[in-house]
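Report on the structure given below.
The values are calculated or read from the model by the stated rules, or taken from the named source; none is laboratory data. What you are looking at is a predicted structure, and each value in this text was computed from that prediction instead of being measured. Counting neighbours? That spans all protein chains shown, and the Cβs are built from the backbone with ideal geometry, glycine included. Calculation scope for accessible area: heavy atoms of the full protein, side chains included, ligands and nucleic acids excluded. Shrake-Rupley method; radii C 1.70, N 1.55, O 1.52, S 1.80 Å.
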Amino acid sequence: MASLPRYFRVVIRVRPPLDRELCSPVWQHVVSVPGTTQICLYETVPEMNAADRASGTSQVVNTHTFSFDHVYDQNASQPDVYESTARTSVMSALRGYNATILAYGPTGTGKTYTMEGSLRPDGHGIIPRSMEDIFEHIRSARNEHSTFEVRASYLQIYNEVISDLLKPDRSHLMIREDKRRGVFVEGLSEWLCRSPDEVQTLMEHGSSARATAQTGANDTSSRSHAVFIIVVERSEKFMEGSQSLTGRLNLVDLAGSERPRITGATGQRLEETKKINQSLSALGNVISALTERRARSHVPYRDSKLTRLLEDSLGGNCRTTMMAMVSPAAEAFAESLSTLKFAQRAKGVVTTPQVNEDLDPRMMANRYEAEIRRLRTELAERDSRTTIDLEGFDPHKPLADIGALRADFSGGKTGSLWNRQREEDKAPAGRYKQLLLKQRDIMITLTQRLHERDETIIGLQAELDAQDQRVRELQERFERQALRLAAAEKALQASSKANMANVGSGKL
Ligand SMILES: Nc1ncnc2c1ncn2[C@@H]1O[C@H](COP(=O)(O)OP(=O)(O)OP(=O)(O)O)[C@@H](O)[C@H]1O
């Protein structure tokens, strides 16, 4: 059976050793990447022999092998990672899908480096490269019928509080959900962008407001989960109506998990670390619930802000790529193993992306009509084929067929032939049934839309009637006023005539 397309991909990136690690007396490389989809992690113990132990060598006691959609070794460049992994998500967003890239891994393994990168052009990470690609695509696809709008937002979740990194006064924001937008953050600012440079400026501005700190494992460790959101809206006008596609790209740089015992966190750092670890373990619980063989009805998305915000990316309308980062050093073995096991579990997550499309009613009716026409043609073609089959009917053929069946029977083949024939007979009938059901569904949808239109027309008619009534009333009032005015004028004329007469007769 052909496997279904997967829209949740998991890739691994191994970062190069840092100077700090290379200088360590216990430095040892414990990761190898034998191909583009496999990674081996070696569990080692110091040599038994004292002389070897003194020279720092150790022996491998266990090899943990994993496979993923892609594995990048320490030599992978930023363009490699963008081209072979992130670009697909960017293109999906341009086609009107929701897409998420999620950087996951222990502290100091290269999440921020992968998402943002360094200032050198060859060090640019996924966010700046995505922006270049988005605007390049817009430049080539724009014409007099289509317009594009790109909007950016940037938020962080720090100690379970969501704040707007582009409007620092907006904090304690709430997560909401509606049918049209899915899960979203209420009150998050959106910035219209016209070039990659404008997005870059926003990203730098937001990143400088992000909570970071120097920790035992990383000089600038991110203490918050950050989500950079790009919405690309494409509106197109055709002869038969208009259509708009809204793609959303979520670029998520998670705070790194860490063991306070190793990083030596205390006080505020320790509190931050606890909150980070809690939300990452909530993420783990959601992934477990989503990938359990026996599907659980309850998925604990609401256990943390992070999982609630990522609800669509993890189990809904989204094409998601999880990028898990690991260090190659022996000292990080435990974290690397648990990261790879986590990523392994995440491979079972299933999402169901759909194009976010808005059609005007005229365009929708046209589409239904075209679909009905297509189905009718298909039905007609099938009808004519059936007739031809009957026309070409040879009355002697069944006898010959029975002869052949008898021969097969003696060879023990009849059962399978008979069954195959029945299956073949059933196939067109099933297809007809499908077509008829589809046609019925379309008719129901069309009828519903016609009812909706009727209701709109009735509503408009009632409004028109009410307006007419009001006009009539005003007219009547006007006529009454005019009559009153004419009467008053008449009375005035009569009284002025009487006055004149009195003046003439010298009565006054
Ligand atoms: N692929 C890489 N090539 C070169 N340097 C890298 C690479 N990945 C990470 N680094 C370097 O490793 C250090 C830690 O990386 P980074 O800050 O991106 O880690 P992080 O996972 O985001 O950490 P945290 O969770 O603490 O925020 C940085 O100095 C970064 O420049």
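With a cut-off of 13 Å between beta carbons, the residues surrounding Thr339 carry a summed charge of +4, where Lys and Arg count +1 and Asp and Glu -1.
With the simple spin-label model, which puts each label point 7 Å out from Cα in the Cβ direction, the Glu463 to Arg477 separation comes to 2.2 nm. Only protein heavy atoms count here; on that basis, with a 1.4 Å probe, Glu233 has an accessible area of about 50 Å².
When the solvent-accessible area of segment 149-206 is split by element, carbon and sulfur atoms take up 49 percent of it, the probe being 1.4 Å.
Other residues within the sphere of radius under 10 Å centred on the Cβ of Glu233, judged by their own Cβ, net out at +1 (K and R +1, D and E -1). Once the other residues with Cβ under 12 Å from the Cβ of Arg367 are scored (Lys, Arg +1; Asp, Glu -1), what is the net sum? Net charge around Arg367: -1. Once both labels are positioned 7 Å from their Cα atoms along Cα-to-Cβ, the gap between Glu236 and Asn366 label points is 1.1 nm.
Projected label points at Val350 and Ser338, each 7 Å from Cα along the beta carbon direction, are separated by 3.0 nanometres. Segment Thr445..Ser189, full-extension length gain: 88.5 nm, with 0.36 nm per residue of separation and the alpha-carbon distance subtracted. Global dimensions of segment 83-129 from alpha-carbon coordinates: Rg and Dmax equal 11.8, 34 Å.
Under the convention that each Lys and Arg Cβ holds +1 and each Asp and Glu Cβ holds -1, the size of the dipole of segment 99-155 around its Cα centre is about 140 debye. Placing unit charges on the Cβ atoms of the charged side chains and taking the dipole of segment 106-181 about its Cα centre, the candidate lying farthest along the positive direction among Ser153, Gly110, Ile138 is Ser153.
Ligands, DNA and RNA aside, Lys275 has an accessible area near 70 Å² when probed at 1.4 Å.
With 25 Å as the limit on Cα-Cα distance, the pairs of Lys237/Lys438; Lys305/Lys341; Lys179/Lys275; Lys305/Lys347; Lys274/Lys341; Lys237/Lys433 that go past it are Lys237/Lys438; Lys179/Lys275; Lys237/Lys433. Given +1 at the Cβ of Lys and Arg, -1 at the Cβ of Asp and Glu and no other charges, the dipole of segment 59-199 around its Cα centre is 300 debye to the nearest 20.
The solvent-accessible area of Arg139, taken with every protein chain present and a 1.4 Å probe, is close to 140 Å². With every protein chain in place and a 1.4 angstrom probe, the accessible-area ranking of His298, His64, largest first, reads His298, His64.
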